[in-house]
1. Largest first and to the nearest Å, give the Cα extent of region 24-68 along each principal axis.
2. Once the Cβ-Cβ distance between ASP30 and LYS3 is put in as r, and R0 is 30 Å, what FRET efficiency do you end up with, to the nearest 0.05?
3. Heavy-atom accessible area per residue, the chain, 1.4 Å probe: how many Å²?
4. Give me the net charge of LEU22's neighbourhood, meaning all other residues with Cβ under 13 Å from the Cβ of LEU22; Lys, Arg count +1, Asp, Glu -1.
5. Excluding GLY43 itself, calculate the net charge of residues whose Cβ lies under 12 Å from the Cβ of GLY43, where each Lys or Arg counts +1 and each Asp or Glu counts -1.
Amino acid sequence: MEKPEQFLWMVQTLLLSNAINLASDPDRADRYRHEISATGMFGNCEEALRASSIIPPSMTASDAAHDFVFYIASNLREADDAAGKTAKRVPAWFGRS
């Protein structure tokens, strides 16, 4: 598998796992429904496809998938913020100018 395919496989697995985890709690499922719905996932998939084609040569698929998922999934971004980590901003390598 090439780097873009590795990235997409990892992102798919992580987003599905995150959605399953969120769906197991009715309060969290309601709070993040806009992201774990088909419409929300469609947007995430579009962004993942775009990101897969612009991963910097020096970055691994795993590092890129981590950057992507921990930004795109707001519950993970919020968890980092609650833990006192710097608020997550879109990583420069896949941000839009």
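1. Ordered largest first, region 24-68 gives principal extents of 41, 18, 11 Å.
2. Details: r = 36 Å, r/R0 = 1.21.
That pair, ASP30 with LYS3, gives E of 0.25.
3. On the way: 6170 Å² over 97 residues.
So the chain comes to 64 Å² accessible per residue, rounded to a whole number.
4. Numbers: positive: ARG28, ARG31, ARG33; negative: ASP25, ASP27, ASP30, GLU35, GLU78.
Summing Lys and Arg as +1 and Asp and Glu as -1 gives -2.
5. On the way: positive: ARG50; negative: GLU35, GLU46, GLU47.
Combined, the nearby Lys, Arg, Asp and Glu give -2.
The values are calculated or read from the model by the stated rules, or taken from the named source; none is laboratory data. Not measured: the values here are computed from a predicted model. When we count neighbours, we look across all protein chains shown, and the Cβ atoms used for this are built from the backbone with ideal geometry, even at glycine. Surface accessibility is based on the protein's heavy atoms, side chains included, excluding ligands, DNA and RNA. Shrake-Rupley method; radii C 1.70, N 1.55, O 1.52, S 1.80 Å.
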